[in-house]
Amino acid sequence: MIRTPRLTRRGLLAATLATSIVPGRALAAGRGGVRPVDLRVEWRSRPLGVDGLRPRFTWTIAAGAEVRGVRQSAWRIVVAESAEAAAAGRGDIWDSGRVADGRLRGQPVRDLPLASQTPYFWSLMVWDEAGRASDWSEPERFVTGVIGDWQARWIAAEKGWPVGIAESRKPALVPGPKPMPLFRRDFALGGPVAHAFLSIVGLGHHAVSINGREAHASMLDPGWTDYRKTVLYTTYDVTDLLRAGENAIGVMLGNGMYNVEGAEGRYKKFVGTFGQPRLLAQLVVVLASGERVVVASDDAWTTRPGPIVFSSIYGGEDHDARREIAGWDRAGAPRDGWVPVLLVDAPEGRLKAQAIPPMAVAATYPTVAVTEPRPGVFVYDFGMNCSSRPALAVRGPAGATVRLSPSEVLGADGLIAPRSIGARPGLPVHYSYTLAGREGGEAWRPRFTYCGSRYLQVEGAVPADRAGPGDVAIVSLASEFVHTDMPEVGRFGAGQALLVQTHDLIRQAVLSNSASVFTDCPHREKLGWLEQDHLNAETVLYLEDGATMYEKTIADIVDAQLPNGQIPEIAPEYVQFTGPDEMFRDSPEWGGAVVIAAWKAYKFYGDPRILEVGYPAMRRYADHIEGKRTAKGLVDYGLGDWLDLGPRENGKRVQLTSMGVTATATYFQMLACLGDIARRLGRPQAEIADFARRAASVKAAFNAAFYRADKGFYDSGSQTANAMPLALGMTPAGEAGRVLDALVADIRARGDHVSAGDIGFHYVVRALAEHGRPDVLHAMLSRTDAPSYGAQIAAGATALTENWDPSHGGSQNHFMLGHALGWLYGGLGGVTVDFWRMDAPPIRIAPQCVPGLDSASVEYRSVLGPIRSMWTREGRRMRFEVDIPAGNEATIVLPAALSDLREGRAPAARAQGVARAVERAGAAVLTVGSGRYRFTT
């Protein structure tokens, strides 16, 4: 434990932007109603653990809904050591001065003098279009992570642990299950606490308590990474848990992806370890007196085995409550059984603050039904499939064990049928709890695992209303929905219940697969298959604020890149899947996420850092693919259009579309995106030209090989083969109409059903929406027979399934086919934000008012502020309501003649806030300022 005098930075001014500083008194008068809101640092509200010295600040501005044309002309940020200084506009750490800039973001150009594990406060003032200043915003806080070297040491519980990692499904270098360790440390504080922050990483995961109270509500911290490259740490505010005098900190570890054990009789997707569970912790306490106290992990800590006797991210968790130690995380606890820790080497990966939101319990589903399909075996139904952990309350004798086995579906006999989650006879997934026999009962939740499920099969206990003497009685059992706590930003409504149900079906799967990586499924694999990160980017980013998640995704991909430039299909790559010709490890439709996912993240958020971080890996991967082009200039390897609907029922290999179609078209898309990215990053013109040259070559080879000019379609005429070149602008001049007709004809011939798979359906949605046939897309989404979303809903699915037809088996909680949700927001609702637009504002409202639908509405809280679009059809009349956030302009495209369109009582072209109005192709195109608009025809 280290004590040092308090270091002050008051009076130290870091004027890192060359701007004039206007005195705070002159800025005190604010313009009524215009104010900065939603202040964020590094995309997060009041973040803990900011470890960069040039943090990014973002905000939006608010004005009355009926006020139009509000723009920001300048901003000023102050960063201070106290909230009082920030509120008064005194930046003793940084004062940007008045910066003439309409963008809703700012960043210092030089490092700020930030101290480690320290709170800072910032306030913002903005000027409107008339040069009137707002009041200072309410101060917001951010807390730094560990800046510079750690004072803590890595500690572990025992010697003799094997090292190395197995990168296949063959067991190697992994010990059998052992009880997970506990760590503790007593320490004293010499007075009241002003503030205290704990930065910690327990591998695989940690759970922290101080003085007998949990230090965080999050679970599965830190997030998953390739621990040979990157190790994340988390920071918690523990001020309220500490007191003057004696204190204690306790830490429990779980295995997670860091150590996947080869336990007999439990399901695991693979077996491998990065090493023994270990801990690094650094608590910094500042007392009211100003004294600074550091409590760091070192050889003064002690350890002993804990009550978790089995910990697996795949197979479940076993907890023996008889092994619990009362008061173990309180000061003065008995030392019997505790032994000194071992000092161990650090993992290979670089320590980095965790910027993504933590996993947490987002909802709790109560029991909706209980059955007893076999004597003494009870099945609890929670009504919803989700990424779940059980919340159990029981009463019974010591030593009795309750087993809870999850499943998505039931068999004909009413018992669980868990094969879809990976389990099978002899390799189950289950949670078990052995009772301590406490009077009044006991409650338990697994700490370090979860599993996608709707049902729990209970053995060893009975519902309380049926319990007799000596029985273990289930007082309550619920399903807790756990996922990464990304703020939800989208809301959709429509005058067709099936569309809303489809939205909710996809949403449930997206949330269920939002862990610290975007997983394919929340049970069987829990792996970051990369194709969904770009193909479903619109779906994810309309639903959730995914800025930090996409930055982590690109960082994970960069870490996973192989020396030859190849991007594997999974990141982090915990296990190597190969297959024929390494099809499960090297497929452009998956690896291309390094480029396309980053491009789409910039589209939504407009921040170049994700491009800068990924660009070297992007270039290397493009060179890797270029080197594998065939003599005909094609890219002809990989998985192709996975799970397309051909003649083989539930066929895994592509059936309808040549592999070279999807691989070559994806490479073309990568090159087009790389050209944009290179320009945005200011790369040399020769580099930009090289991407354009390659793209032209790929396009020519693609059309020469696959376009059948005599037929007007590509390849076999499949939906995927025609949709990809349409969506990506690859069709020969004048031929797009014929290809579109062929695509529509195939869909109509199938009764408005899809045949495209995991890759192709994204482009089917885009091709129809962008080429004037949203009516066909709406018809597809209106089907209730298989294959369709409606068929899944009719079959009782509550989350999107892996196969178009859920009766074919597979996972019942997969979001890889969720592409249509992006169209519900960007097409039906018409709301898009695109920072790649160079000749128009990023915000565009262009609703596609398809026949047969009377209304649609979208609310989307974008990085630029909240956007709303709503339309209703009343006979031959149309009504549109649009909200554009303050500080922005937007393009509005409405399906009406300009002469027929009114805003309020005025012709739309002359309405207040409308800067420009023209008619193009029968649609009114308006450029407007911020505010609420009501248009009618």
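Values quoted throughout were computed directly from the atomic coordinates according to the rules given, and no laboratory measurement underlies them. Note that this is a predicted model, so its numbers are computed, not measured. We place every Cβ from the backbone using ideal geometry, glycine too, and count neighbours over all the protein chains shown.
With 26 Å as the limit, write out which pairs from K178/K552; K600/K699; K628/K699; K159/K552; K229/K699; K603/K632 have Cα-Cα distances beyond it, or answer none.
K178/K552; K159/K552; K229/K699; K603/K632
Answer rounded, prolate or oblate for region 843-936, using the Cα gyration tensor with square roots of eigenvalues a ≥ b ≥ c: rounded when a/c is under 1.5, else prolate when a/b is larger than b/c, else oblate.
oblate
For R932 and S82, what does the FRET efficiency come to when R0 = 56 Å and r is the distance between their Cβ atoms, rounded to the nearest 0.05?
That gives a FRET efficiency of 0.90.
Could you sort 378-384, 745-751 so that the peptide with the highest average Cβ count within 10 Å comes first and the rest follow in order?
378-384, 745-751
Can you compute the FRET efficiency between R54 and E439 using 1/(1 + (r/R0)^6), with r the Cβ-Cβ distance and R0 = 45 Å? Round to the nearest 0.05. Can you show the working numbers first?
Details: r = 57 Å, r/R0 = 1.27.
Efficiency, rounded to the nearest 0.05: 0.20.
If I take every Cα pair under 8 Å that is 6 or more residues apart in region 843-936, average their sequence separation and divide by the length, what percent do I get for the relative contact order?
28
Under a 5 Å amide H to amide H cut-off, with H placed in plane at 1.01 Å, what residues pair with V231 once short-range neighbours are removed?
Those qualifying (amide H under 5 Å, at least 5 residues apart or on another chain) are R350, L351, K352.
Mind running the shape call on the chain? Use the C-alpha gyration tensor, a ≥ b ≥ c as the square roots of the eigenvalues: rounded below 1.5 for a/c, prolate if a/b tops b/c, oblate otherwise.
Details: a/c = 1.62, a/b = 1.17, b/c = 1.38.
Judged from the Cα gyration tensor, the chain comes out oblate (a/c at least 1.5, b/c at or above a/b).
Label 7 Å along Cα→Cβ of T364; region 427-453 residues with amide nitrogen under 13 Å?
The answer is 443-445, whose backbone nitrogens lie closer than 13 Å to the label point.
Throw me the Rg/Rh for region 490-828, computed over C-alpha atoms with Kirkwood Rh, two decimals.
My calculation puts Rg/Rh at 0.94.
Grab the Cα-Cα distance for R653 and A745, subtract it from 0.36 nm times how many residues apart they are, and report the gain in nm with one decimal. Don't jump to the answer; show the numbers that get you there.
Numbers: separation 92, 0.36 × 92 = 33.12 nm, distance 2.47 nm.
Answer, rounded to one decimal: 30.7 nm.
Cα centroids of region 759-781 and region 890-937: how far apart, whole angstrom?
Answer, in whole Å: 27.
Using 0.36 nm per residue of separation minus the Cα-Cα distance, give me the extension gain between E881 and T401 in nm, one decimal.
166.9 nm
Report, to one decimal in Å, the Kirkwood hydrodynamic radius for region 690-729 based on all distinct Cα pairs.
Computed over Cα pairs of region 690-729, the Kirkwood hydrodynamic radius comes out at 10.7 Å.
With runs of 4+ DSSP H residues as the only contributors, calculate the mean residue ellipticity of the chain at 222 nm using -39,500 (n - 2.57) per run, divided by the residue total and rounded to the nearest 500.
Counting only the DSSP helices, I get -6000 deg cm²/dmol.
Show me the ranking of peptides 899-911, 248-260 by mean Cβ neighbours inside 10 Å, starting with the highest.
Descending mean neighbour count gives 248-260, 899-911.
One-quarter of the Cα convex hull surface for region 577-626, in nm²?
Reported value for the Cα convex hull: 3.9 nm².
From the convex hull of the Cα coordinates of region 33-123, what is the mean projected area in square nanometres? Please list the in-between numbers first.
Details: hull surface 24.6 nm².
Result: a mean projected hull area of 6.1 nm².
Evaluate the distance, in nm, between pseudo-label points positioned 7 Å from the Cα of D345 and of R374 along their respective Cα→Cβ axes.
4.8
Can you list which of the GluC sites (Glu not before Pro) found in region 45-146 are DSSP loop residues with at most 15 other C-beta atoms within 10 Å?
Within region 45-146, the qualifying GluC sites (Glu not before Pro) (loop, at most 15 other Cβ atoms within 10 Å) are E66, E129.
Which of the trypsin sites (Lys or Arg not before Pro) found in region 306-409 are loop residues per DSSP with 15 or fewer other Cβ atoms within 10 Å of their Cβ? If you can, show how the numbers build up before the last one.
On the way: sites: R322, R323, R330, R335, R350, K352, R395, R403; in loops: R330, R335.
Passing both the DSSP loop test and the Cβ count: R335.
Which order do the peptides 809-822, 675-688, 829-842 come out in when sorted by mean C-beta neighbours inside 10 angstrom, highest first? Write down the numbers at each step before the final one.
Working: 809-822: 25.4, 675-688: 15.1, 829-842: 17.6.
Ranked by mean Cβ neighbours within 10 Å, highest first: 809-822, 829-842, 675-688.
For the residue pair R916 and E129, what label-to-label distance in nm results when each label sits 7 Å from Cα along the Cα-to-beta-carbon direction?
Inter-label distance under the simple model: 1.4 nm.
What Kirkwood radius, in Å to one decimal, follows from the Cα pairs of region 155-356? Don't jump to the answer; show the numbers that get you there.
On the way: mean 1/r = 0.0571 Å⁻¹.
That comes to 17.5 Å for region 155-356.
What net charge do the residues around I210 carry, taking every other residue with its C-beta under 11 Å from that of I210, with Lys and Arg at +1 and Asp and Glu at -1? Let's see the in-between values first.
On the way: positive: R184, R185, R213, R243, R330; negative: E214, D240, D329.
Here the charged neighbours net out to +2.
With just the Cα atoms defining each centre, how far is region 271-307 from region 615-636? Give it in Å.
46
Based on the Cβ-Cβ distance of D854 and E459, what FRET efficiency does E = 1/(1 + (r/R0)^6) give at R0 = 56 Å, to the nearest 0.05?
0.65
Normalised by the number of residues in region 796-890, what is the relative contact order in percent for Cα pairs under 8 Å and 6+ residues apart?
Answer for region 796-890 is 19 percent.
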